[in-house]
Amino acid sequence: MDSNTNPPASSKYIFITGGVLSSLGKGIASASLGLLLKQRGYSVTIMKLDPYINVDPGTMNPFQHGEVYVTDDGAETDLDLGHYERFLGESLQRHNNTTAGQVYYEVITKERKGHYLGKTVQVIPHITDEIKKRIKFFDGKYNFIIIEIGGTVGDIESLPFLEAQRQLGLEKGPQSVLNLHLTFVPYIKGAGELKTKPTQHSVKALMESGIRPDILLCRCEHKISKDIRSKIALFCNVDDQAVIDVPDAETTIYEVPLMFAKRNLDVLILNKLKLKVKPIKINTWTKFVHRIKNPKYQVNVGLVGKYTQYRDSYKSILEAFIHAGSINNTHVNVELIDSEQITLENVAEKLHNLDGVLVGPGFGSRGIDGKIISIQYLRENKIPFFGICLGMQCAVIEFARNVCNLINAHSAEFAKTENNVIDLMDEQKKIKDKGGTMRLGAYPCIIKPNTIAYDAYKTTQISERHRHRYELNNNFRDLLQSKGMIMSGLSPDGQLVEIIELSGHPWFVGVQFHPELKSRAVTGSPLFISFINAALKYRKSTNNSRS
Ligand code: GLN
């Protein structure tokens, strides 16, 4: 259920900044806090402000930035939006992510149109006004607007965003705006001590921007004693109870909301903002975490792709496995396999011990051969196969080459041949700009009954998110079908193939869309749930015959 059904008169703003170093988990912290406030009966949305100059991460390499998270409305956004959606269980939109690139683009476009009437256009007030306008987009629509500011306090790029935060705090007052700061409290082994100095410096840097933190979230490997918390409070000018230690989660990031709840973070926030502390509904979440921590079964699943050195490139897929695993009471061990290392000679050795393999999305020709070789092995050995986007396209190429005897079958993305079984649709052929021009966002798909897809979704009408240029070439549909490929999902006009399956294989599914993007904690994604179930069955059936 979307939580903005009962619009509040004015919203409360919670800013989350980060200090000391990056990768402390600001995204998870924002998402966890959002979940708690929602489970206390308040409506919540979460925004990410990214200080980089790219207009969106769509043109960035996954090694640089990790996964690009696509929203229903087709925005290519920061992967933290994935955390927000997974924790909140709600779809966000384009406006939930703003970059410095978008802000400057807008201001410069207005300047060219003469909008500023001869004034000198400056960071303050013009850039900061544009940032504030974007932050206030959801004003009045939610009880809480949580705003995560990307980067680390002290970075040059963050300054206009912090200035906008400061201005908004002054404008709305302390009853409407709270500043949370996430820092790091390192444990120095030699001294056997937790050190508070980096936190003190980080808060000092924040105060130089005119922002006084109300609450400090202190990341640490171990729990922080009361004494040390009091010391941090004294040196950083906050109340004792506003210093919250956030030790590493034991097993899963999904424990973080429970950890926050145990430390009363939500209650502290509601008290500070003079809001009623309504009872919390956290049972379903607690059960979900319990299932993750106490699985009955396990499966080994491969993820074949070329971005395997950087796990964030496959963030939503890895999370979707956790959700699907919990629903199947199964721990999913995911082995990331570099497709560039797979050859005809070693494919059996690399894949034979796996209970299922997902061949992942991607762009460019590097690693394609390894993907095609893997798919042939999975098809012939009847091992569960799940192809997502490029993975599905590779499955079509493999089938065209090895079953339909079109030896030079390929995608037009990699080689122009007379057998481009994957090709550009006409409207994509006209496009010259690379940014934001793919088939992006949610599209409906109609599912054929009596297929694996129908069995998974239990409905004929679904909507899933896309991010690609190429499509299955309709000129080859009849041939592929005549050899046993099933087109189990089509666009409503029948023109685009969205899902393929194979007759005679226990679980062979390729999808042109990205089901991982809509996999939410607790509920999961139907196809991932079905895939893990198939992997479990495969494991049981082969348990005695494999080494
Ligand atoms: N490169 C392919 C395309 O553009 C697949 C994209 C993807 O896997 N997301 O169609």
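Numerical summary
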read-out	value
Test set (1) surrounded by 24 or more Cβ atoms within 10 Å (Cβ to Cβ); (2) in contact (Cβ under 8 Å) with a residue 40 or more places away in the chain - His352 fails condition number	(1)
Where a residue in the stretch 129-157 is at positive phi and its partner, wherever it lies, is among the charged types (D, E, K, R) and in a loop (DSSP other than H, G, I, E, B), with Cβ under 9 Å and at least six apart	Gly151/Glu157
First in the stretch 413-439 and modelled with pLDDT of 95 or more, second anywhere and part of a loop (DSSP other than H, G, I, E, B) and more than 15 Å from the ligand (Cβ to nearest atom), Cβ under 6 Å, 6 or more apart	Thr417/Asn408; Asn419/Leu406; Asn419/Asn408; Asn419/Ala409; Val421/Ala409
Filter pass, Ile397 being closer than 25 Å to Ile529 by Cα and crowded, with 22+ Cβ neighbours inside 10 Å	no
Helices (runs of 4 or more DSSP H) contained in the stretch 76-174 and holding at least 1 residues farther than 24 Å from Leu37 by Cα	100-112, 128-135, 159-172
Index of the failed condition, Ser339 passing every other in (1) touching a Lys or Arg at 6+ places or on another chain (Cβ under 9 Å); (2) more than 16 Å from the ligand (Cβ to nearest atom)	(2)
Residues satisfying the stated conditions in the stretch 247-275, i.e. in contact (Cβ under 8 Å) with a residue 60 or more places away in the chain and of a type in the set (S, T, N, Q)	Thr252
Of all residues making up the stretch 368-388, the number that are surrounded by fewer than 22 Cβ atoms within 10 Å (Cβ to Cβ) and in contact (Cβ under 8 Å) with a residue 40 or more places away in the chain	2
In the stretch 434-473, residue farthest from Phe513 (Cα to Cα) [restricted to those that are within 15 Å of the ligand (Cβ to nearest atom) and over 20 Å from the mean Cα position of the chain (by Cα)]	Lys434
All positions within the stretch 46-69 that are assigned to a loop (DSSP other than H, G, I, E, B), β-branched (Val, Ile, Thr) and buried (at least 17 other Cβ atoms within 10 Å of the Cβ)	Val55, Val68
Residue match in the stretch 483-494 (condition: at pLDDT 95 or above, on the phi < 0 side of the Ramachandran plot and touching a Pro at 6+ places or on another chain (Cβ under 8 Å))	yes
Residue in the stretch 302-317 that is aromatic (Phe, Trp, Tyr), over 26 Å from Ile529 (Cβ atoms) and away from the ligand (no atom under 15 Å from the Cβ) present	yes
Hey, Tyr42 surrounded by fewer than 24 Cβ atoms within 10 Å (Cβ to Cβ), touching a strand residue (DSSP E or B) at 6+ places or on another chain (Cβ under 7 Å) and under 23 Å from Lys172 (Cβ atoms) or not	yes
Pro198 within 26 Å of Gln39 (Cα to Cα) and either part of a helix (DSSP H, G or I) or touching an Asp or Glu at 6+ places or on another chain (Cβ under 9 Å) (or both)	no
Residue match in the stretch 522-544 (condition: within 16 Å of the ligand (Cβ to nearest atom), closer than 27 Å to Tyr314 by Cα, of a type in the set (D, E, K, R) and buried (at least 18 other Cβ atoms within 10 Å of the Cβ))	no
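The values are calculated or read from the model by the stated rules, or taken from the named source; none is laboratory data. Since we're looking at a predicted model, the values are computed, not measured. In this analysis, Cβ positions are derived from the backbone assuming ideal geometry, glycine residues included, and neighbour counts consider all displayed protein chains.
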